[in-house]
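The values are calculated or read from the model by the stated rules, or taken from the named source; none is laboratory data. Everything numeric in this text was worked out from a predicted model, so none of it was measured. With ideal geometry, Cβ positions are generated from the backbone for all residues, glycine too; neighbour counts draw on all protein chains shown.
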Amino acid sequence: DVKVTQSSRYLVKRTGEKVFLECVQDMDHENMFWYRQDPGLGLRLIYFSYDVKMKEKGDIPEGYSVSREKKERFSLILESASTNQTSMYLCASSLGQSMNTEAFFGQGTRLTVV
Amino acid sequence: QKEVEQNSGPLSVPEGAIASLNCTYSDRGSQSFFWYRQYSGKSPELIMFIYSNGDKEDGRFTAQLNKASQYVSLLIRDSQPSDSATYLCAVPGVSGGYNKLIFGAGTRLAVHP
């Protein structure tokens, strides 16, 4: 079974803190994604990566950065957390160059910024 | 026009009825279509995918695709309370110059006993 593991289920951070969300997949997938999910807004793509050290901005990259130093690991960084970044964060991975393949999701991290 | 559109619901159906969930997409070049189910507080999981026009059946689930109308639907027969969840439609597309999987906002389904 494909496994995508996010480092934390719940996080509470203070405004202005630098926050790291980690994601690891064990199926040698090329593509990895970070989404945030908010009520009524669905899944919004923050960043994605299709190879080691490669990254592309998604629809809402402002206030975030990412790192992919190894194929299995994709980190999302909130440079200076703000209350409007309180959300559910979902990591996903998929195989291959095409997007015509299933995306597998981690269990999600619910981040609260106070 | 949004790239992938779904009615947010909630769609409320009685137990045993057929639930019909709909999704429209804007990219005529899309080739494959995914339906994910997401229980409250959980992450999405794939339940169906379809590549060809017509119907694809898997147990109580049927996906229907009409590429000419840019429309994909999910039918759930004999709906059960355990089917109560949000159903997300996802379509590979090109956005911002890159291939990516584009999700609709999801339809919340409530199956009542």
Given (1) surrounded by 15 or more Cβ atoms within 10 Å (Cβ to Cβ); (2) hydrophobic (A, V, I, L, M, F, W, C); (3) over 22 Å from B:Gly93 (Cβ atoms), identify the lone condition not met by A:Phe48. (3)
Taking into account only those residues within region A:70-114 that are within 13 Å of A:Val24 (Cβ to Cβ) and aliphatic (A, V, I, L, M), which is nearest to the other protein chains (Cβ to nearest Cβ)? A:Ala92
Do we have any residue at all in region B:2-13 that's out of contact with any Lys or Arg (no Cβ under 8 Å at 6 or more places or on another chain), small (Gly, Ala, Ser) and in contact (Cβ under 8 Å) with a residue 60 or more places away in the chain? yes
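So is B:Val72 over 28 Å from A:Thr5 (Cα atoms) and either of a type outside the set (Val, Ile, Thr) or part of a strand (DSSP E or B) (or both) or not? So that I can check it myself, show each step before the final result.
On the way: over 28 Å from A:Thr5 (Cα atoms): yes; either of a type outside the set (Val, Ile, Thr) or part of a strand (DSSP E or B) (or both): yes.
Yes: the conditions hold for B:Val72.
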Could you list, ordered by first residue, the pairs with Cβ atoms under 6 Å in which the first is in region A:25-43 and part of a loop (DSSP other than H, G, I, E, B) and the second is surrounded by 23 or more Cβ atoms within 10 Å (Cβ to Cβ), at least 6 apart or interchain? A:His29/A:Ser93; A:His29/A:Ser94
Working carefully through the options A:Gly40, A:Gly96, A:Gly108, find the one that is closer than 20 Å to A:Val12 by Cβ and either in contact with a Lys or Arg (Cβ under 9 Å, 6 or more places away or on another chain) or small (Gly, Ala, Ser) (or both). A:Gly108
So which of A:Asp51, A:Asp59 is over 22 Å from B:Thr107 (Cβ atoms), within 14 Å of another protein chain (Cβ to nearest Cβ) and without any contact (Cβ under 8 Å) to a residue 40 or more places away in the chain? A:Asp51
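Taking the criterion of being modelled with pLDDT of 85 or more, closer than 16 Å to B:Leu65 by Cβ and part of a loop (DSSP other than H, G, I, E, B), would at least one residue in region B:11-31 satisfy it? Explain how you work it out, then say what you get.
Here is the first cut: in region B:11-31, the residues modelled with pLDDT of 85 or more are B:11-26.
Retained after the next criterion (residues that are closer than 16 Å to B:Leu65 by Cβ): B:20-26.
The next check asks that each one be part of a loop (DSSP other than H, G, I, E, B); those that pass are B:26.
Yes, there is a match, as at least one residue in region B:11-31 is modelled with pLDDT of 85 or more, closer than 16 Å to B:Leu65 by Cβ and part of a loop (DSSP other than H, G, I, E, B).
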Just give me the residues in region B:19-48 being over 17 Å from B:Glu5 (Cα atoms) and either aromatic (Phe, Trp, Tyr) or more than 14 Å from chain A (Cβ to nearest Cβ) (or both), in sequence order. B:Ala19, B:Tyr39
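When you scan region B:1-40, how many residues do you find that are among the small types (Gly, Ala, Ser), crowded, with 17+ Cβ neighbours inside 10 Å and under 16 Å from B:Lys56 (Cβ atoms)?
At the first step, the residues of region B:1-40 found to be among the small types (Gly, Ala, Ser) are B:8-9, B:12, B:16-17, B:19-20, B:26, B:29-30, B:32, B:40.
Next cut, crowded, with 17+ Cβ neighbours inside 10 Å only: B:19, B:30, B:32.
Those still in the list that are under 16 Å from B:Lys56 (Cβ atoms) too: B:30, B:32.
The number of residues fulfilling the criteria is 2.
Hey, among the residues in region B:33-69 that are in a loop (DSSP other than H, G, I, E, B) and aromatic (Phe, Trp, Tyr), which one's farthest from B:Pro14 (Cα to Cα)?
Among them, the one singled out is B:Tyr51.
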Take A:Ser82 and decide whether it is of a type outside the set (A, V, I, L, M) and either surrounded by 15 or more Cβ atoms within 10 Å (Cβ to Cβ) or touching a helix residue (DSSP H, G or I) at 6+ places or on another chain (Cβ under 6 Å) (or both). no
